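In what follows, a single structure is set out as structure tokens and then discussed.
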Amino acid sequence: MKIKIDAAGKDTDAIDSMVCAKVAGQTVRKVLQTGFELKLARLDAEGAQLADFIRKNTALKPGSTQTKEELLDKVFTQVSLLHAVDKDMEETSQKLDLLLQRPHAPHKPHEPAP
């Protein structure tokens, strides 16, 4: 994903070549481990940003009923997204722990989780 993002606008063959060069010589286990670790880092950053948005949006004082309802809808959507991110992090960390043959430590959900 990182290579695809960094190579935005390049053709598929160029991206495939960059991916192949990045994983050449590595074991499948190492490629999977790196992928899971990068995914966890991306999800953690996304979750932290969503949690920050939720905190800021719940601190707002809307001026009208319509604005209040729109804000509540937005916060509800953000909370749902945050729960999905936390679920994805838990599933990914389980896969990583299984791959590395280590005991699984459950992922701590991001705060706030209203």
(message) Tell me whether region 54-64 contains one or more residues that are more than 23 Å from Q94 (Cα to Cα), assigned to a loop (DSSP other than H, G, I, E, B) and touching a helix residue (DSSP H, G or I) at 6+ places or on another chain (Cβ under 7 Å).
(response) yes
(message) Tell me yes or no: at least one residue of region 31-52 is of a type in the set (V, I, T) and over 27 Å from P109 (Cβ atoms).
(response) yes
(request) Being within 19 Å of A41 (Cα to Cα) and of a type in the set (V, I, T) is the filter; apply it to region 62-101 and report the residue that is surrounded by the fewest Cβ atoms within 10 Å (Cβ to Cβ). (result) T92
(request) Filter region 8-37 for residues that are surrounded by 11 or more Cβ atoms within 10 Å (Cβ to Cβ) and of a type in the set (V, I, T) and give the result. (result) I15, V19, V23, V31, T34
(request) Go through region 38-54 and count every residue that is exposed (fewer than 14 other Cβ atoms within 10 Å of the Cβ) and not aliphatic (A, V, I, L, M). (result) 1
(request) Just give me the residues in region 82-114 being hydrophobic (A, V, I, L, M, F, W, C) and touching a residue at least 24 places away in the same chain (Cβ under 8 Å), in sequence order. (result) L82, V85, M89, L96, L99, L100, A113
(request) Name, by its number, the condition in (1) surrounded by fewer than 12 Cβ atoms within 10 Å (Cβ to Cβ); (2) assigned to a helix (DSSP H, G or I); (3) not β-branched (V, I, T) that does not hold for A105. (result) (2)
(request) Mind telling me which of the residues E46, E90, E69 ends up being assigned to a helix (DSSP H, G or I) and more than 30 Å from R29 (Cβ to Cβ)? (result) E69
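We did not get these values from a lab; they are worked out from the coordinates using the rules stated. In this text, all values refer to a predicted model and were calculated from it rather than measured experimentally. Every residue, glycine among them, receives a Cβ derived from its backbone with ideal geometry; neighbour counts consider all protein chains shown.
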